[in-house]
Amino acid sequence: GKTPRVFRDPKHFLANRLEAMLKKDRDYEAFSKRLGQVRSALQQTELAHFTPPPFKTKARFMNLQPTIRWAARVLWHLNHPDSATCRSVSRQRLEEKLGWLHDFADSIARWQACQDVISATLTFLNQRGLFRGVVAAYRKVIAGLATDAASQHLVSAMTTLLRDYSRTLRPCECVPLSTEILESGFALYKQLEQQHS
């Protein structure tokens, strides 16, 4: 029989690349430490609405987006103290509890660029799948999103992977490159199954 072709799931591929980069990033290590301390410092206070989302340890590099979005949003409020959200809290308290984010502003922008690349890549591949002209189409979609070395590295790695995969396709062949529909099916099955064996 024919040998089946194996394509890596792009979500896991990109999460692994991101993990490899962030594990070498001292700023990310320091940021993670501070993040762990800030949740308990904000809950049950007038700053509770600035509490970061739960930081998942399981598959955390696949679930980093809410944390990065939170950090970018809080930084915006720190830089715009007249915003409606900040009116109910004192500027001093806000800076005291969350001012440390200023030190990570450049890194947060860099991590956000990586997240933007990952989101755009996954949306594109979930919609279009794998086909012969995938690299050229991907480059158009991703143009302008990779704004620094880290996000450009992700685009480069993904481009190489897509180029290698597309060479194995027949001229008019199109292959899905996402396991999300399967994962949704399993989740629905588990929900229906509940406590039943």
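Quick check, is Leu162 at pLDDT 95 or above, more than 19 Å from the chain's Cα centre (by Cα) and either in a loop (DSSP other than H, G, I, E, B) or surrounded by 12 or more Cβ atoms within 10 Å (Cβ to Cβ) (or both)? Against the criterion (at pLDDT 95 or above, more than 19 Å from the chain's Cα centre (by Cα) and either in a loop (DSSP other than H, G, I, E, B) or surrounded by 12 or more Cβ atoms within 10 Å (Cβ to Cβ) (or both)), Leu162 qualifies.
When each of Ala137, Ala150, Ala120 is tested for being within 18 Å of Met62 (Cβ to Cβ) and surrounded by fewer than 19 Cβ atoms within 10 Å (Cβ to Cβ), the lone residue that passes is Ala120.
Among the numbered conditions (1) open to solvent by less than 40 Å² (accessible area, probe 1.4 Å); (2) touching a residue at least 60 places away in the same chain (Cβ under 8 Å); (3) over 18 Å from Arg17 (Cβ atoms), the only one that Thr168 does not meet is (1). Within the stretch 1-22, which residues are within 22 Å of Thr121 (Cα to Cα) and without any contact (Cβ under 8 Å) to a residue 24 or more places away in the chain? Result: Val6, Ala20.
Just to be sure before I move on: is Phe131 surrounded by 13 or more Cβ atoms within 10 Å (Cβ to Cβ), at pLDDT 95 or above and touching a strand residue (DSSP E or B) at 6+ places or on another chain (Cβ under 8 Å) in the structure I sent?
Working: surrounded by 13 or more Cβ atoms within 10 Å (Cβ to Cβ): yes; at pLDDT 95 or above: yes; touching a strand residue (DSSP E or B) at 6+ places or on another chain (Cβ under 8 Å): yes.
Spelling it out, Phe131 is indeed surrounded by 13 or more Cβ atoms within 10 Å (Cβ to Cβ), at pLDDT 95 or above and touching a strand residue (DSSP E or B) at 6+ places or on another chain (Cβ under 8 Å).
Residue-by-condition table, conditions (1) in contact with a Ser or Thr (Cβ under 8 Å, 6 or more places away or on another chain); (2) modelled with pLDDT under 90; (3) charged (D, E, K, R); (4) under 30 Å from Arg167 (Cβ atoms):
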position	(1), (2), (3), (4)
Phe13	no, no, no, yes
Arg17	no, no, yes, yes
Lys23	no, no, yes, no
Ala41	no, yes, no, no
Pro66	no, no, no, no
Ala71	no, no, no, no
Glu96	no, no, yes, no
Gln112	no, no, no, no
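Count of the stretch 155-180 residues, restricted to those that are among the aliphatic types (A, V, I, L, M) and either in contact with a Lys or Arg (Cβ under 6 Å, 6 or more places away or on another chain) or more than 18 Å from Leu122 (Cβ to Cβ) (or both), is 2.
Which residue, of Ser83, Ser107, is at pLDDT 95 or above and polar (S, T, N, Q)? It would help to see each step written out before you state the result.
Working: Ser83 fails: at pLDDT 95 or above.
Testing whether each residue is at pLDDT 95 or above and polar (S, T, N, Q) leaves just Ser107.
Conditions (1) assigned to a helix (DSSP H, G or I); (2) surrounded by 11 or more Cβ atoms within 10 Å (Cβ to Cβ), marked per residue:
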| residue | (1), (2) |
| --- | --- |
| Gln44 | no, no |
| Phe61 | no, yes |
| Thr67 | yes, yes |
| Trp70 | yes, yes |
| Leu75 | yes, yes |
| Leu78 | yes, yes |
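Gly144 falls short on exactly one of the conditions (1) under 15 Å from Asp116 (Cβ atoms); (2) in a helix (DSSP H, G or I); (3) open to solvent by less than 80 Å² (accessible area, probe 1.4 Å), and that condition is (2).
The set of residues in the stretch 171-188 that are open to solvent by 40 Å² or more (accessible area, probe 1.4 Å) and either closer than 15 Å to Ala137 by Cβ or hydrophobic (A, V, I, L, M, F, W, C) (or both) comprises Cys172, Cys174, Ile181, Leu182, Phe186, Ala187, Leu188. Considering only residues in the stretch 80-97 that are of a type in the set (Ser, Thr, Tyr) and in a loop (DSSP other than H, G, I, E, B), the one that is least open to solvent (accessible area, probe 1.4 Å) turns out to be Ser83.
Among the residues making up the stretch 1-33, those that are open to solvent by 100 Å² or more (accessible area, probe 1.4 Å) and outside any loop (DSSP other than H, G, I, E, B) are Arg26, Glu29, Lys33. Within the stretch 166-185, restricting attention to residues that are within 23 Å of Gln115 (Cα to Cα) and outside any loop (DSSP other than H, G, I, E, B), the residue that is modelled with the highest pLDDT is Ser184.
The values are calculated or read from the model by the stated rules, or taken from the named source; none is laboratory data. Note that the structure is predicted; figures quoted are calculated from it, not measured. Cβ: placed from backbone, ideal geometry, glycine included. Neighbour counts: every protein chain shown. Heavy atoms of the whole protein, side chains included, go into the accessibility calculation; ligands, DNA and RNA do not. Shrake-Rupley method; radii C 1.70, N 1.55, O 1.52, S 1.80 Å.
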